[in-house]
Amino acid sequence: MTAADRAVQRPLDARLLVVDSHGRMTHAPRSRFVDFLQPGDLVIANDAATLPASLSGVHLRSGADIEARLAGRSSLAPDDVHRFSAVIFGAGDFHVRTEDRPRPPSLEAGDRLIFGSEITATIEALLGHPRLARLHFEGSSSAVWGALARHGRPIQYAHLATPLDLWDVWTPIASLPAAFEPPSASFALDWKSLRAMRGRRIAFATITLAAGISSTGDPALDRRLPFDEPYRISESTAFAIRQTRAAGGRIVAIGTTVVRALEHAAARDGVVRAGENVANQRVGASSRLTIVDAILSGTHEPDSSHYQLLRAFVDDAVLGRASAALEAGGFRTHEFGDSVLIEKENRTAGDEASAGGLPCGNRVLGQGQGKGWSEPPGAFEMQERFFSPQQPTVAAELSVLVDHAVAGDENRNAIETVCVTDSALRAGRVDRSGEIFIRPGLAERDAQQLAPDALLERRPRRRQRKRERPQRSGKICVQLVAQPVEMRRLAGNDGTVESLANGFDLCRQHAPVGELE
């Protein structure tokens, strides 16, 4: 790939590589990225505005010229601008590649750095590396903000020959000044794309995360990226996430910073709550994504922390093919480059188990290891959904997707739809529908071992016959009855069923006998 060397956020020829959940790839203009989203999706972007975080100054003890690139702080509070972590460079500027920049003079706690005529900082401590320091800026909060605005410049790299201005790095949705480098995936957004989302019933929300620096020029420091990043999630965004997940919609992140914030927020129990915190985790191949289903991101080199995060969405083979496609297609990289839209891949049960469990909101049925499974091995994925009691007959209709990479294309048409109906729901005895897993090819007795209070029947296309052994085609209709208190026990905080085994046990023990159609 080639570096994008012009500071144009939305060039007319910007390109997009789409990688779907099965690893299939599509090339398109980036302006069409909304066309690859789905009604019911929730798109979330980082609205942090970019700070002028590059400060040129003098190391007072040695008299040497230095550049300090601010790289982190502990919170997003407006008055929390006295302490920053910073990467210190020797003399020079962005015209020289970061890896070729001279080292700064030897730094010690207590050293003073002077930036221009109005801002002074003291090194409080070195942070495990001779070029990474914690700085304390003197003066009031408003004085520090003013000095940054007048003396600082956007952090910049050698692939851009022209000095950047702040408006070059503020995204169209920029709000609170917090980021040290731009959350550049949001460069793809404009009013046209937001209007297109609304027209397709795609929701939009934002979070704020202090996006950190992408490169230090030092291999040892680069291995520590990304540094800790404070973030804030609003009540409205947290509610939109819960609402979208309860309805079976997808969460689409605009950029790696959104993924990091949402997955950190949900790390404890799978629920995103409003508030502030500091993202301190690394997201990569071993991570299990519990919130985000797809990501719109820039194109990244394999040795970058951004690329490592993409490994949480798809395996290395798919990413390798994507990188080859980007290279062959002449895609541009870095912050003003082209983009990729990557959906989280459909993984088999073994893959999920090796990653530490099943993701909240999705369950992947196994590959035929159980004695009851009679059809060829394959991975079937269902979205868990809850529906309102106003829906009179069908409590949930769940798409069943066959992973053709495992099961083979000949099985894709063998499964149509699983319907879950609940007469108790219609009678007002429960306020939410249950959710049940059915694997086509089960004998009725095998299915009853899983859900003894559910009545299985096949609904053929031409006429309906009741209590017939399920076949590998047609529709399977399942009725699940549960008392409201038990349904509340089954539902997690985000409205999804947490334990399949516990769910069946509760249904077995507490489901009332009722009329099943």
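The values are calculated or read from the model by the stated rules, or taken from the named source; none is laboratory data. Computed from a predicted structure; not experimentally measured. Glycine also receives a Cβ, built like all others from the backbone with ideal geometry; neighbour counts cover every protein chain displayed.
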Exercise for the section: Residue by residue through segment 9-51, note down the ones that are aliphatic (A, V, I, L, M) and without any contact (Cβ under 8 Å) to a residue 40 or more places away in the chain. Expected result: Leu12, Ala28
Completion exercise
Of the conditions (1) surrounded by 15 or more Cβ atoms within 10 Å (Cβ to Cβ); (2) touching a Pro at 6+ places or on another chain (Cβ under 6 Å); (3) of a type in the set (S, T, N, Q), the single one that Ser62 does not satisfy is (1)
Fill in the blank from the handout: Being without any contact (Cβ under 8 Å) to a residue 60 or more places away in the chain and in contact with a strand residue (DSSP E or B) (Cβ under 9 Å, 6 or more places away or on another chain) narrows Val252, Val292, Val283, Val258 down to just Val292
Problem - Among residues of segment 10-36, those that are assigned to a loop (DSSP other than H, G, I, E, B) and buried (at least 21 other Cβ atoms within 10 Å of the Cβ), counted - result: 1
Practice task
State the number of residues belonging to segment 153-185 that are of a type in the set (A, V, I, L, M, F, W, C), in contact (Cβ under 8 Å) with a residue 40 or more places away in the chain and over 24 Å from Val259 (Cα atoms).
Solution key: 5
Practice task
Please verify whether segment 321-332 includes one or more residues that are within 23 Å of Ile202 (Cβ to Cβ), without any contact (Cβ under 8 Å) to a residue 60 or more places away in the chain and either in a helix (DSSP H, G or I) or not charged (D, E, K, R) (or both).
Solution key: no
Exercise for the section: Could you please tell me which pairs satisfy a Cβ distance under 7 Å, a separation of 6+ or placement on different chains, a first residue in segment 186-209 that is touching a residue at least 12 places away in the same chain (Cβ under 8 Å), and a second residue that is surrounded by fewer than 16 Cβ atoms within 10 Å (Cβ to Cβ) and part of a helix (DSSP H, G or I)? Expected result: Ala205/Ser236
Problem - Thr208 being of a type in the set (S, T, N, Q), more than 24 Å from Leu17 (Cα to Cα) and not assigned by TED's automatic domain parsing to the domain that holds Gly92 - result: yes
Practice task
Have a look at Pro39, Pro52 and point out the one that is part of a loop (DSSP other than H, G, I, E, B), at pLDDT 95 or above and surrounded by 19 or more Cβ atoms within 10 Å (Cβ to Cβ).
Solution key: Pro52
Handout entry: helices (runs of 4 or more DSSP H) within segment 211-272 that include 1 or more residues modelled with pLDDT of 95 or more and of a type outside the set (A, V, I, L, M, F, W, C)
Key = 235-246, 256-265
Problem - Gln308 vs. criteria farther than 19 Å from Thr333 by Cα, polar (S, T, N, Q) and free of Cβ contacts under 8 Å to residues at least 40 places away in the same chain - result: no
Practice task
Collect the residues in segment 318-332 that are out of contact with any strand residue (DSSP E or B) (no Cβ under 6 Å at 6 or more places or on another chain) and not hydrophobic (A, V, I, L, M, F, W, C), keeping them in residue-number order.
Solution key: Gly320, Arg321, Ser323, Glu327, Gly329, Gly330
Exercise for the section: State yes or no: is Ser175 of a type in the set (S, T, N, Q), touching a Ser or Thr at 6+ places or on another chain (Cβ under 8 Å) and surrounded by fewer than 22 Cβ atoms within 10 Å (Cβ to Cβ)? Expected result: yes
Problem - Residue within segment 236-247 that is of a type in the set (D, E, K, R), surrounded by 15 or more Cβ atoms within 10 Å (Cβ to Cβ), within 23 Å of Pro302 (Cα to Cα) and in the same structural domain as Phe33 (by TED's automatic domain parsing) present - result: no
Exercise for the section: Can you confirm whether segment 104-124 contains a residue that is touching a Gly at 6+ places or on another chain (Cβ under 7 Å), outside the structural domain of Asp79 (by TED's automatic domain parsing) and touching a residue at least 40 places away in the same chain (Cβ under 8 Å)? Expected result: no
